[in-house]
Amino acid sequence: MLNSDSILSMASYLLGIELRLFWASSLFYTMALLLFIFHTVTRAVIFGKAARTALVAGVLAQAGLISLRAFEAGRAPAQTLYETLSWFALSAAVAYLYSSRRWRNIYLPGVLVSAVSAGACLYALFAASPAIEPLSPVLQSRWFEWRQINMFFSYAVFAVSASIEATYLIISPFVKKDCAPCYGLTAENIRDFHRSAFRLVLFGYPFLTFAIFSGAVWANNTFGRYWSWDAGQTWSLITWTVFTIYLHAKSVPALTGRAASAFNIIGFVSILATTFLGVNWLAGLLGIPLLRIYAL
Amino acid sequence: MNYSEENIRSALTERLHSAINRAYLRLASTTTAVCILGLMCVFYLAGTVFPQGVSLTEYINGGGGFVFLVALLDLLDFFTSPVFLILAFTLFLNLLVCVYEKYPSLFVKGPYPAEFTPEHSVALTQDLKEAFEKVREVFVKELGFRPVESESRWNVVQKGLPCGLLTWLFHAGAAVCFLGFILTYLFAYDGTMRLAPKKASTVVPRETGRLKSLWTAKDGPTDFHLYLDEFVTEYSEYPDLDYPEDRTARLAVGLGWSSPSYELREDSLFVKDWKARIKVIRGNNTLREKTAEVNSPLKYGGYTFYLAGWADTVKVSVDRNPILLEVLSGDEIFVPGLLDPLVFGDVKSGRVYRLDGRTEDLRPFTTVKRKSGVGYEYLGKVLFGDSVTLNGHSITPAGFETGAVLNYRYDPGAGVLWAGGLLLLSALALRVFIGRATAAYDLVELDGIVFLNLFVSSEGLGYSPDKTVAALTRHLTKDDIRPQEIPPGQ
Ligand code: HEM
């Protein structure tokens, strides 16, 4: 049997490796971002391809560090801020790589996706603690684990959808019939490209719904109330409602165009606001005191 | 014009009917759903901005602005304010009308248009009758489609799940969830109770659900008792991480110039679990027995009992006096001979899981503090049976009892919500991840060449029209019908 000192030095050693992998994946995502920006400025396909490769390298490093952490912690690593941001960054990059696999020479949405992934990684590395903490009895629940995993996965998928939506909104006025492809987009393929934003929201929506549902089951089992209107829960409900609006807008002819696109972008903003600014940012912005909030 | 009473009445009835009709039509529309959901978002936002559950005075004293608006819209208790409840109820009505309106359409097949616009055209080298048989066979046998009756000139085939039904089911699920919320809002209540060890306690509710409180102050005490057999606390050893806060120093860790390190400090015990062995008894009968844990409540008699924590009673002997004083940990106690009150901390007792895999039982201890001015002076950790001497008096924590703190709740809405949620989630998942593919095809002969005109669409993510066309073409090629894709409309 190992003694405590050996266990601690082993844990410290593994954390050291994990952190280096994390820094490496942040570096790859940042490189991908720069290359995607070069591609946007120069229109050179080679930069787009290189950016994709950097993104793949980032994904591999991050998949490695998440697996390592799962092994170290003996649980799904999606509980602390450090862990959820890491999971969010990986999911966004993977969702982008998967959804763009059939596009030929279209790399524009990569700018926003790599910015989101790099931003999440750097935020986790600079602002959060990487310590593997024991979970308080309250958090030791499969339902809570499912909530975290699904919520941040769906947020990542929505982030990719918004990147495509934003690209579409910016680029579509420049894509004309019978003209040379604009960043790989032509009058023929741009509708298909835009449709993938809708399909991604459709894909992510059940995950977010399940996350909210499992969060309610967890809260009910733990505190005796499935809903308590705390800021975290309410923000996830805001995001869910915005995407419900988006899906409905897609089936209303008058709203299916720009209005629906706007809802997709608003959903993304609400995700960014909660993930990076915290749930009380708006109160802070308006100078509203936080006082004693949200009794359970 | 005749303004008789009857005429006025019938004109009013007519107006009322037309107003109800208009309201109904509004409520049946998806655009209305979009508007209400949008407003709901704004309301949710307001609920995250303004602190909930504080009084207006506290809010103003804390420096809060927009006071007029806050008071007018009840923004400090917004989620139970009339404005919010009315909007939420309107969404519920919207959903009900929508579900009711869509119900008949579940039994309608199609409708399929008489003509489809072909999106793919394939030239076949067989005669019309043979090609027709082959295409049908490939669709049915190879691709798993089933023919659908349609009045269209085109042949329609489908595979997958009935999406209309699934969409209806998840909207119905959402409506059931709303019903759960309403039941919770009207009938649920909760409270806290303390179970002393080896004693029977009865639930005496201090509240009754909102609706019931209109005619009764509270429910009576339960006819069963809860009996705490045992309370166990488990701890695990928890190392601290020595890791810099500073960004540059963190970067240095990333570059491998320094390493993070875990260290075990003294008293680094972390509560791993609380377990309360509880019996439900009536007279001499044990009706239910369960070890309740934080995420695993005990359910009985419509109530759910959640283990919220524990409360220790410390028994103190002063100057070895066999008559013990009793105090709840955290409360102040005046000890004879001492001017200032003492406070005993939580009792640490139970099993410890050490980092190296050993388990051991803790020798129980507590901490002692003495009130000094406005604060407390920490006097240290004391093992049970040991003493601290203060002003010449020996103070001995001689024993303790650990009771369980339970939150109890009665909520007839939760079960309904789970049922609705399950319906919503399963129908939504089937609708989104599987969905349905519809293909319509037509075979025409032009100048002796047979053309297969195809239109394929899909709902949900399970079937891709492109993949269906590719698979069809592959199978037709395999059977040597030599299809040749040509641009539509040629
Ligand atoms: C909180 C309540 C609601 C939720 C969670 C919800 C959820 C959804 C979702 C996820 C979709 C997209 C399905 C898809 O595109 O495949 C959808 C579609 C739709 N919803 Fe709702 N909805 C709600 C309320 C309503 C209400 C009140 C109405 C009626 C006025 C409505 C009418 C529709 C219609 C007509 C569609 C399009 C169906 C189709 O394309 O087959 N929904 N809803």
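The values are calculated or read from the model by the stated rules, or taken from the named source; none is laboratory data. Here the structure is a predicted model, which is why all the values come from computation and not from measurement. Don't worry about glycine lacking a Cβ; one is built from the backbone with ideal geometry, like all the others, and counts go over all protein chains shown. Just so you know, the surface numbers come from the protein's heavy atoms only, side chains and all, with ligands and any DNA or RNA stripped out. Shrake-Rupley method; radii C 1.70, N 1.55, O 1.52, S 1.80 Å.
Among the helices (runs of 4 or more DSSP H) confined to the range A:1-109, the ones with at least 2 residues that are within 14 Å of another protein chain (Cβ to nearest Cβ) and within 20 Å of A:Phe158 (Cα to Cα) are located at A:81-99. Yes or no: the range B:157-165 includes at least one residue that is modelled with pLDDT of 95 or more, within 16 Å of the ligand (Cβ to nearest atom) and under 42 Å from the mean Cα position of the chain (by Cα). Scanning the range B:157-165 turns up no residue that is modelled with pLDDT of 95 or more, within 16 Å of the ligand (Cβ to nearest atom) and under 42 Å from the mean Cα position of the chain (by Cα).
For first residues located in the range B:155-178 and within 20 Å of B:Lys141 (Cα to Cα), partners that are open to solvent by less than 40 Å² (accessible area, probe 1.4 Å) and assigned to a helix (DSSP H, G or I) and lie 6+ apart or on another chain with Cβ distances below 6 Å form the pairs B:Val157/B:Phe139. Take the conditions (1) surrounded by 17 or more Cβ atoms within 10 Å (Cβ to Cβ); (2) over 27 Å from B:Leu430 (Cβ atoms); (3) under 19 Å from the mean Cα position of the chain (by Cα); B:Phe181 misses just one of them, which is (2). Cβ-Cβ distances below 7 Å connect the following pairs, each with a first residue in the range B:8-30 that is under 20 Å from B:Val99 (Cβ atoms), a second residue that is within 11 Å of the ligand (Cβ to nearest atom) and not hydrophobic (A, V, I, L, M, F, W, C), and a separation of six or more residues or different chains: B:Arg26/B:Thr32; B:Leu27/B:Asn94; B:Ala28/B:Glu101; B:Thr30/A:His248; B:Thr30/A:Ser251.
Within the range A:211-245, being near the ligand (Cβ under 9 Å from one of its atoms) and either free of Cβ contacts under 8 Å to residues at least 40 places away in the same chain or not hydrophobic (A, V, I, L, M, F, W, C) (or both) holds for A:Trp240, A:Thr241, A:Thr244. Name every residue in the range B:390-406 that is open to solvent by less than 50 Å² (accessible area, probe 1.4 Å) and either among the aliphatic types (A, V, I, L, M) or not assigned by TED's automatic domain parsing to the domain that holds B:Pro197 (or both), in order of residue number. Of everything in the range B:390-406, those that are open to solvent by less than 50 Å² (accessible area, probe 1.4 Å) and either among the aliphatic types (A, V, I, L, M) or not assigned by TED's automatic domain parsing to the domain that holds B:Pro197 (or both) turn out to be B:Leu390, B:Ile395, B:Ala404, B:Val405, B:Leu406. You will find that of B:Glu207, B:Glu151, the residue that is assigned by TED's automatic domain parsing to the domain that holds B:Glu459, open to solvent by 60 Å² or more (accessible area, probe 1.4 Å) and either away from the ligand (no atom under 16 Å from the Cβ) or among the polar types (S, T, N, Q) (or both) is B:Glu151 and no other. Taking the range A:192-296 as the region of interest, the helices (runs of 4 or more DSSP H) fully inside it that hold 1 or more residues being surrounded by fewer than 20 Cβ atoms within 10 Å (Cβ to Cβ) and at pLDDT 95 or above are A:231-249, A:258-272. Residue count for the range A:13-56, restricted to those that are among the hydroxyl-bearing types (Ser, Thr, Tyr) and either outside the structural domain of A:Gly110 (by TED's automatic domain parsing) or surrounded by fewer than 19 Cβ atoms within 10 Å (Cβ to Cβ) (or both): 4.
For the range B:235-252, give me the residue count where each residue is in a strand (DSSP E or B) and more than 9 Å from chain A (Cβ to nearest Cβ). Let's see the steps before the verdict.
Taking the range B:235-252 as the starting set, the residues that turn out to be in a strand (DSSP E or B) are B:235-237, B:240-242.
Imposing the further condition that a residue be more than 9 Å from chain A (Cβ to nearest Cβ) reduces the set to B:235.
Going through the range B:235-252 one residue at a time, the tally reaches 1.
Taking (1) facing chain B (nearest Cβ under 10 Å); (2) within 13 Å of the ligand (Cβ to nearest atom) in turn, A:Leu208 satisfies each apart from (1).
Conditions (1) assigned to a loop (DSSP other than H, G, I, E, B); (2) surrounded by fewer than 16 Cβ atoms within 10 Å (Cβ to Cβ); (3) within 16 Å of the ligand (Cβ to nearest atom), marked per residue:
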position	(1), (2), (3)
B:Glu58	no, yes, no
B:Gly63	yes, yes, no
B:Leu85	no, yes, yes
B:Ala88	no, no, yes
B:Leu96	no, no, yes
B:Val99	no, no, yes
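The set of residues in the range B:242-257 being open to solvent by 30 Å² or more (accessible area, probe 1.4 Å), out of contact with any strand residue (DSSP E or B) (no Cβ under 9 Å at 6 or more places or on another chain) and under 12 Å from A:Leu15 (Cα atoms) consists of B:Gly256 alone. Of all residues in the range B:340-384, those that are without any contact (Cβ under 8 Å) to a residue 12 or more places away in the chain and at positive phi total 2.
Would you check if there is a residue in the range B:21-31 being away from the ligand (no atom under 11 Å from the Cβ), assigned by TED's automatic domain parsing to the domain that holds B:Lys102 and β-branched (Val, Ile, Thr)? No, there is no match, as no residue in the range B:21-31 is away from the ligand (no atom under 11 Å from the Cβ), assigned by TED's automatic domain parsing to the domain that holds B:Lys102 and β-branched (Val, Ile, Thr). Give the number of residues within the range B:167-180 that are within 11 Å of the ligand (Cβ to nearest atom) and either within 12 Å of another protein chain (Cβ to nearest Cβ) or hydroxyl-bearing (Ser, Thr, Tyr) (or both). Count: 6. Before we move on, is B:Ser18 exposed (fewer than 15 other Cβ atoms within 10 Å of the Cβ), in a helix (DSSP H, G or I), among the polar types (S, T, N, Q) and within 16 Å of the ligand (Cβ to nearest atom)? No. If you filter the range A:185-200 down to residues that are closer than 26 Å to A:Gln148 by Cβ and at the interface with another protein chain (Cβ under 10 Å from one of its Cβ atoms), you find that the one that is nearest to the ligand (Cβ to nearest atom) is A:Arg199.
Residues that are part of a loop (DSSP other than H, G, I, E, B), away from the ligand (no atom under 16 Å from the Cβ) and within 26 Å of B:Gly435 (Cβ to Cβ): does the range A:153-168 have at least one? Steps first, please.
Within the range A:153-168, the first condition is being part of a loop (DSSP other than H, G, I, E, B), and the residues that meet it are none.
No, every residue in the range A:153-168 fails to be part of a loop (DSSP other than H, G, I, E, B), away from the ligand (no atom under 16 Å from the Cβ) and within 26 Å of B:Gly435 (Cβ to Cβ).
Do we find a residue being among the charged types (D, E, K, R) and under 27 Å from the mean Cα position of the chain (by Cα) anywhere in the range B:319-331? No, every residue in the range B:319-331 fails to be among the charged types (D, E, K, R) and under 27 Å from the mean Cα position of the chain (by Cα). Just one of (1) in contact with a helix residue (DSSP H, G or I) (Cβ under 9 Å, 6 or more places away or on another chain); (2) open to solvent by 30 Å² or more (accessible area, probe 1.4 Å); (3) more than 16 Å from the ligand (Cβ to nearest atom); (4) not in a strand (DSSP E or B) fails for B:Asp356. It is (2). The number of residues in the range B:309-338 being open to solvent by 50 Å² or more (accessible area, probe 1.4 Å), in a strand (DSSP E or B) and modelled with pLDDT of 90 or more comes to 4.
Going by what's in this entry, would B:Gly53 be described as away from the ligand (no atom under 16 Å from the Cβ), among the small types (Gly, Ala, Ser), facing chain A (nearest Cβ under 9 Å) and open to solvent by 40 Å² or more (accessible area, probe 1.4 Å)? Talk me through it step by step, then tell me what you get.
On the way: away from the ligand (no atom under 16 Å from the Cβ): yes; among the small types (Gly, Ala, Ser): yes; facing chain A (nearest Cβ under 9 Å): yes; open to solvent by 40 Å² or more (accessible area, probe 1.4 Å): yes.
In short, yes.
Take the conditions outside any helix (DSSP H, G or I), surrounded by 15 or more Cβ atoms within 10 Å (Cβ to Cβ) and not assigned by TED's automatic domain parsing to the domain that holds B:Ala276 and apply them to B:Ser201. Does it pass? In short, no.
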